[in-house]
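Below: the structure, in structure tokens.
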Amino acid sequence: LSPAVSPTVPPRHMDSVLDILDALESPARGGSPGTAAALGRGLGICSTPGCQAVLGQPPGTPKRPPALTLGQWQLLTELLRHDPATPEMGAVLAPDGSTVALGPLLAGIEAGLRSGGLGRPLPTLDPPADPLLAVTITEALGTSFLLAQGGDNNATALGPGGCWDDVENPQNYTLRGPPSPVPDPVAIGAMDGVVLGARLARGPLPVAELLRGYYGTGNGSEAGRPPSSYRRRDFGALAGQGRLEKEVVAVLGVLRTLSPIPEFLRDVGTQEVAAVARWAAREFSERYVECPAIMPRCLWGARPYRGTPALLRPPLGSVFLHHTLEPAQPCQTFGACARAMRDIQRFHQDTRGWDDIGYSFVVGSDGYLYEGRGWHWVGAHTKGYNTQGFGVGIVGDFTATLPDPDTLALVRDELLPCAVRSGHVWPDFTLHGHRQLGHTDCPGNALFQEIQSWPGFQ
């Protein structure tokens, strides 16, 4: 290959990573388990003081393993070379539509393998800190919130999310705002690292097999939800807000014992550490565990809004619940839900002549909310009431059957309380079915019957 010819670099999709792991770890090709984690550290995934205190100093710079093509090696080195200035470079698109940073994911996998007895045992940290949480999320959280506290007033410690140039062939991911040390992909990669690391601590599994079972493949073209779409629930069960707070305090204590002490910890007292840990654990839990994930318009392939949208003035007093009727079948994967969103938008714009998809948000049965008009723009969902509330549509026809219990819980127990906490709706909001405010059967008899027992229904 002459230097002028660039190798074919695979797309930045979890499937490409799985192909690389297969090549590295399959015994048939001379590979062995744990190769990927070691390679990841050689390439720089564990570059922070806390991570190195747990997993050790990185081995020397690795050379390309013969099992990988030049393009695969180039992708892997780009994904794993840690540069705090461009956290988005380390991210891939997962089959559930979320974007996952590989650094914290692989660090969690290595910690899990080692505590499960594969490779060198993990050190005992002093003060005692959970090594799995330290290398995935607690060091990053403590650092981020300490820096945000010391920075200017609008410094943010979490987020933002971002957009891919093309979900079928993802190459470039762009953050939708100034990056914090924990943008969405890092938070998601960390949660996945904790969930999968905890699984590996119970007994080793081939990593590619573990990841394929967790994420699925493609853009979620199978019939059902992949386990990764339950990451918020599963992470919350392993590291609730109280545990997270305690572990942020512990890992900052470990960082204190290093020499030199990291700059951001130099003049920080015990009470300040406690306050930062409480703030970090609360904010992280509210944003990434208790609130549902929202797929932005750019990810489902929205067309532009036509005309000029009108601003909403939150907090609003109402939430109006709808079913989409068409498509009549609930969508259970990112691919199917993104397609449903494009179909609904096309119908609303081309047939109904509206400026955009009418709903504020649409709920898939894949575990995600899809952004329609969103929190900030007046929708076209409940004639005569569009400025007074948010319109939430659930994909499916719920005349005779209900959405599955997970989907109902997503709206009732996550979306509604989250909308109150974030200041988008009043604490004493009212919940209505569409039929109460117009001549329609929406949201279907079965769903309308169900929501009458929900908080806020009138």
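The values are calculated or read from the model by the stated rules, or taken from the named source; none is laboratory data. Quick caveat, the model's predicted, so the values are computed rather than measured. Virtual Cβ from ideal backbone geometry, glycine too; neighbours counted across all protein chains shown. Accessible surface areas use protein heavy atoms only, side chains included; no ligands, DNA or RNA. Shrake-Rupley method; radii C 1.70, N 1.55, O 1.52, S 1.80 Å.
Data for the structure
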{"quantity": "For the chain, share of DSSP beta bridges that run antiparallel, in % to the nearest 5", "calculated": "35 percent"}
{"quantity": "Computed lengthening from residue 70 to residue 52, 0.36 nm per intervening residue step minus Cα-Cα distance", "calculated": "3.6 nm"}
{"quantity": "Dipole magnitude of the chain, debye to nearest 20 (Cβ charges: Lys/Arg +1, Asp/Glu -1, about Cα centre)", "calculated": "240 debye"}
{"quantity": "Isolated Cys in the chain, by beta carbon distance under 4.7 Å", "calculated": "442"}
{"quantity": "Whole-number percent relative contact order across segment 188-255, with pairs defined as alpha carbons under 8 Å at least 6 apart", "calculated": "37 percent"}
{"quantity": "Chain lengthening between residue 83 and residue 267 when straightened (0.36 nm per residue, less Cα-Cα)", "calculated": "63.6 nm"}
{"quantity": "Virtual spin-label span in nm between residue 426 and residue 163, 7 Å along Cα→Cβ", "calculated": "3.5 nm"}
{"quantity": "Accessible area (Å², 1.4 Å probe, nearest 10) - residue 344", "calculated": "10 Å²"}
{"quantity": "Residues residue 126 and residue 274, FRET efficiency given R0 of 22 Å [Cβ-Cβ distance, rounded to 0.05]", "calculated": "0.75"}
{"quantity": "Surface share of carbon and sulfur [accessible, 1.4 angstrom probe, percent] for segment 263-310", "calculated": "51 percent"}
{"quantity": "Loop sites in segment 280-358: trypsin sites (Lys or Arg not before Pro), DSSP, at most 15 other Cβ within 10 Å", "calculated": "306, 352"}
{"quantity": "Three-way shape call for segment 316-452 based on the alpha-carbon gyration tensor, with the a/c threshold at 1.5", "calculated": "rounded"}
{"quantity": "Heavy atoms of residue 279 accessible to a 1.4 Å probe, total area in Å² rounded to 10", "calculated": "80 Å²"}
{"quantity": "Computed P(r) (all Cα pairs; segment 136-272; 10 Å bins; percent)", "calculated": "10, 31, 34, 19, 6, 0"}
{"quantity": "Segment 159-201: C-alpha gyration tensor shape, a/c 1.5 cut-off, then a/b vs b/c", "calculated": "oblate"}
{"quantity": "Segment 316-452 - charge dipole about Cα centre, Lys and Arg +1 at Cβ, Asp and Glu -1, debye rounded to 20", "calculated": "300 debye"}
{"quantity": "Summed side-chain charge close to residue 138 - residues other than residue 138 whose Cβ falls under 11 Å, Lys, Arg +1, Asp, Glu -1", "calculated": "-2"}
{"quantity": "Electrostatic dipole magnitude of segment 341-413 [Cβ: Lys, Arg +1; Asp, Glu -1; Cα centre; debye, to 20]", "calculated": "300 debye"}
{"quantity": "Largest to smallest principal axis extent of the C-alpha atoms in the chain, angstrom", "calculated": "69, 57, 41"}
{"quantity": "Structure-based [θ]222 nm, the chain - -39500 (n - 2.57) summed over DSSP H runs of at least 4, per residue, nearest 500", "calculated": "-11000 deg cm²/dmol"}
{"quantity": "Fully extended contour minus Cα-Cα distance, from residue 342 to residue 401, at 0.36 nm per residue", "calculated": "18.8 nm"}
{"quantity": "R0 of 41 Å, Cβ-Cβ distance residue 258-residue 26: FRET efficiency to nearest 0.05", "calculated": "0.60"}
{"quantity": "Positive-end residue of 298, 193, 31, charge dipole of the chain with Cβ unit charges", "calculated": "31"}
{"quantity": "Surface per residue (accessible, 1.4 Å probe) for the chain, Å²", "calculated": "43 Å²"}
